[in-house]
């Protein structure tokens, strides 16, 4: 039986899955990834750690009964984007990856903005100016790390780096190039005007490939590292949030996916691209479709930070009770009312869409001595959902109807978080079961690329709708009021945030 391997290079973990061609996920393995934030607004990871994780995961998967290297006929990689990895002439990373939610290049973004009217940039690229763009980050590297920048021969993303290590072929998947801000969306190719805006050599940018294009095969060194069979085909891969939404079955107008990962992604399936400075735009996995979408820089990453710092004592209590810290805090927070006084703005790394404000800061409002860590935990869950609701309002302003709401990825295992989402959005939220995450999408894309799978709609065989969380009218009324307050907190503090950033924000 032919098998397919999908790898997900995520913000908080690296995940691998093996699937067959009949709708079954046979095995899943994961390893933690380390997020480094050495200075305000910084978010970095070590690509070599990802590669070590990939080796561990592949060997662990191949040790499972019924899974042999000879049976794996295709490999696909997905990852968060657009991360920035400088490669030297030998294809080695010159420094840590600068993550997509890194907001250090504040001055460079302003310089970038002065180089072209945002209306022109939006018309060309389909997106507005934001901290996610790769051009300002490359400008920051040229300014602050000139030796590394001078040694760079190519710039790639997270999944592209692993694909290169596996196959020896260097390219970028088309959504990396699009979200990086270098592609004219109408033509699907690099645009000289957009590249010139960043002031970089066009040769730094590798060729663009569609997700299911076969770009190479497992080489000898990769085979030794992973246990995979030399010569196994490797496809170009895909963006993690796009892969996750595709796996959920979001393939018709109005299907909305909430991705509860290290960052909070929200994607709406559409048959036309939508250009709005408050949103991102991506190509759908299915050719001919698009995903207008948004991304909140910190959601699950903040919750993990909270567990490791403020909630360290509760984590110990949870361990003694045989619970994970997250489930323990969910249980405590579920007993609290929806109309609690604590508000949290989850802008720990600035904020991407729809604010596009790298100066924004994580903000806790309304805290009193009568509150405990459970109040903060619940406010954090609510803050992420309020960010999703903000995006839904933007979609509505653009005339995009929202139909089904689907929830996926690690945070979707939280009953409390999904109930908060249903109540705040006033819509049923459907949890997608049997969803190992974006890695499943990467494996399926590999199957389409090598011809083992022949229809994009077959993804439905691998997942199924799970529990439906229905909105409660009383809690929705409470969240209507609380959401308005949450939005007002940012508006009142917006001009203060740049002063709080301080002179160290850019370096």
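The values are calculated or read from the model by the stated rules, or taken from the named source; none is laboratory data. All values derive from a computational prediction rather than experimental measurement. Because the Cβ atoms are built from the backbone with ideal geometry, glycine has one as well, and the counts that use them run over all protein chains shown.
Where strands (runs of 3 or more DSSP E) fall entirely within segment 176-266, those with at least 3 residues that are touching a helix residue (DSSP H, G or I) at 6+ places or on another chain (Cβ under 7 Å) and closer than 28 Å to residue 12 by Cβ are at 256-260. Annotation: residue 403 fulfils all but one of (1) touching a helix residue (DSSP H, G or I) at 6+ places or on another chain (Cβ under 7 Å); (2) at pLDDT below 95; (3) over 17 Å from residue 295 (Cβ atoms); the unmet one is (1). For segment 290-321, a residue qualifies if it is in a loop (DSSP other than H, G, I, E, B), surrounded by fewer than 21 Cβ atoms within 10 Å (Cβ to Cβ) and in contact (Cβ under 8 Å) with a residue 40 or more places away in the chain, and exactly one does: 310. Within segment 179-194, the set of residues being buried (at least 19 other Cβ atoms within 10 Å of the Cβ) and at pLDDT 95 or above comprises 180, 181, 182, 183, 194.
Checked against the criteria, residue 411 counts as under 22 Å from the mean Cα position of the chain (by Cα), modelled with pLDDT under 95 and not in a loop (DSSP other than H, G, I, E, B).
Among the residues of segment 24-67, write down those that are more than 29 Å from residue 298 (Cα to Cα) and out of contact with any helix residue (DSSP H, G or I) (no Cβ under 7 Å at 6 or more places or on another chain). Result: 24, 26, 60, 61, 63, 64, 65, 66. For the residues 89, 103, 70, the requirement of being outside any strand (DSSP E or B), crowded, with 24+ Cβ neighbours inside 10 Å and in contact (Cβ under 8 Å) with a residue 40 or more places away in the chain singles out 103.
If only residues of segment 439-462 that are more than 24 Å from the chain's Cα centre (by Cα) and in a loop (DSSP other than H, G, I, E, B) are counted, the one that is nearest to residue 215 (Cα to Cα) is 451.
Among the candidates 436, 471, 498, single out the residue that is more than 30 Å from residue 6 (Cα to Cα) and part of a loop (DSSP other than H, G, I, E, B). Of the residues listed, the single one that is more than 30 Å from residue 6 (Cα to Cα) and part of a loop (DSSP other than H, G, I, E, B) is 471. The number of residues in segment 125-151 being assigned to a loop (DSSP other than H, G, I, E, B) and surrounded by fewer than 23 Cβ atoms within 10 Å (Cβ to Cβ) comes to 3. Against the numbered list (1) out of contact with any strand residue (DSSP E or B) (no Cβ under 6 Å at 6 or more places or on another chain); (2) crowded, with 21+ Cβ neighbours inside 10 Å; (3) more than 30 Å from residue 23 (Cα to Cα), residue 448 comes up short only at (3).
Here residue 11 clears all of (1) buried (at least 24 other Cβ atoms within 10 Å of the Cβ); (2) under 22 Å from residue 216 (Cβ atoms) except the condition numbered (2).
Of all residues in segment 341-392, which are part of a helix (DSSP H, G or I), over 20 Å from the mean Cα position of the chain (by Cα) and buried (at least 24 other Cβ atoms within 10 Å of the Cβ)? If the condition is that a residue be part of a helix (DSSP H, G or I), over 20 Å from the mean Cα position of the chain (by Cα) and buried (at least 24 other Cβ atoms within 10 Å of the Cβ), then 377, 378, 379 are the ones that fit.
Of the numbered conditions (1) in contact (Cβ under 8 Å) with a residue 40 or more places away in the chain; (2) more than 20 Å from residue 265 (Cα to Cα), residue 406 satisfies every one except a single condition; which is it? Single failed check for residue 406: (2).
If you go through segment 80-90 and keep only what is modelled with pLDDT of 95 or more and touching a strand residue (DSSP E or B) at 6+ places or on another chain (Cβ under 8 Å), you end up with 83, 84, 85, 86, 87.
Every condition in (1) part of a helix (DSSP H, G or I); (2) modelled with pLDDT under 95 holds for residue 466 except the one numbered (1). Whether a residue is in a strand (DSSP E or B) and at pLDDT 95 or above was assessed, and residue 27 passes this test.
Within segment 166-173, is even one residue buried (at least 23 other Cβ atoms within 10 Å of the Cβ), more than 23 Å from the chain's Cα centre (by Cα) and either touching a residue at least 12 places away in the same chain (Cβ under 8 Å) or over 25 Å from residue 63 (Cα atoms) (or both)? Within segment 166-173, one or more residues are buried (at least 23 other Cβ atoms within 10 Å of the Cβ), more than 23 Å from the chain's Cα centre (by Cα) and either touching a residue at least 12 places away in the same chain (Cβ under 8 Å) or over 25 Å from residue 63 (Cα atoms) (or both).
The one condition from (1) over 24 Å from residue 272 (Cα atoms); (2) in contact with a strand residue (DSSP E or B) (Cβ under 9 Å, 6 or more places away or on another chain) that residue 370 does not meet is (2).
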